[in-house]
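A short worksheet on the structure shown next.
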């Protein structure tokens, strides 16, 4: 096992952490992780398959849902090698280049998912606040351009992170507190001034997830204002019911995201177990729960899934 020292960073490795003190039962712990990955991959794949084969689901709401499913699939795949590598085979070492690649994919996909959730909020805002122009505003061409902008935005803002990290040599303790690589943790291992990385990382967080969450909140303020002006309580509840799935997806994504970010930057005295649990919730729960939530809450989608599997 190579140790991280003052030599060239190409020969250095990081050591990932599973659940400290539970090494003897890693094989048993791997079972729920494998089940979560299987459910995430199968669930999101089913959502994509159903939307693709059913022309009646080729609507803006379901196209945005398919974007979310693709992002969740990619996010699950990006963490499988290291998380299951630890719990199934006790492989803790990861090279710097592999670590930089993984954190690039994790952070860029998180940024893309945040953008997609914002687009889905815009979809609900348009459908409720401006229903007569809904079809003319959210055309297929416009939706495709929005999706492309989401991807380009995520890649563009995250691409400098591994480049900034690659400048450094890593001579401090090389044990990471998660089963995967995150920028805010890896940069602390550098034996150099990390002010630029810290400022850029905070700027990225502010102009992506924090800004997106603020815009989503404002969109729901406008939706609530419009819905409360509806005279009929039945129509009011029906309109709000179309937003429940998206609200669940937003809460599942942003609460762990903000919690982990705050713990990493300001919670030096927090419990290591809290960081580990938040880390797993942050990456594993949204891809697991999003297809379940949408399948349960969307009557149209649920009916199509049942119809396909009954056949």
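Throughout, read-outs are computed from the coordinates displayed, never taken from laboratory work. Quantities reported herein were computed from a predicted structural model and do not represent experimental measurements. Please note: Cβ atoms are built from the backbone with ideal geometry, for glycine as well, and neighbour counts cover all protein chains shown.
What 222 nm value per residue comes from the helices of the chain, counting each DSSP H run with n ≥ 4 as -39,500 (n - 2.57) and dividing by all residues, nearest 500 deg cm²/dmol?
That comes out to -24500 deg cm²/dmol.
Measuring from label point to label point, each 7 Å out along Cα→Cβ, what is the residue 296 to residue 97 span in nm?
4.5 nm
Between residue 77 and residue 148, how high is the FRET efficiency from 1/(1 + (r/R0)^6) when r is the Cβ-Cβ distance and R₀ = 25 Å? Nearest 0.05.
0.75
Assuming R0 = 25 Å, what is the FRET efficiency of residue 49 and residue 255, from their Cβ-Cβ distance, to the nearest 0.05?
After rounding to 0.05, the efficiency reads 0.30.
Separation between the residue 199 and residue 247 pseudo-spin-labels, each 7 Å from Cα along Cα→Cβ, expressed in nm?
Simple spin-label model gives 4.1 nm for this pair.
What order do you get for 124, 238 when you list them from fewest to most C-beta neighbours inside 10 Å?
238, 124
In whole angstrom, and with the biggest value first, how far do the Cα coordinates of segment 135-231 range along each principal axis?
Answer, in whole Å and largest first: 65, 30, 25 Å.
Sort 72, 212 so the one with the fewest other Cβ atoms within 10 Å of its own Cβ comes first. List each step's numbers first, then the result.
Numbers: 72 26, 212 22.
With the sparsest Cβ surroundings first, the list reads 212, 72.
Where does each of 151, 25 land when they are ranked from fewest to most other beta-carbon atoms within 10 angstrom?
Fewest-to-most ranking of 151, 25: 25, 151.
Could you compute the FRET efficiency for residue 134 and residue 303, with r as their C-beta to C-beta distance and R0 at 25 Å, rounded to 0.05?
0.70
Can you tell me what the convex hull of the Cα atoms of segment 182-311 projects to on average, as an area in nm²?
Convex hull of Cα atoms, orientation-averaged projection: 11.6 nm².
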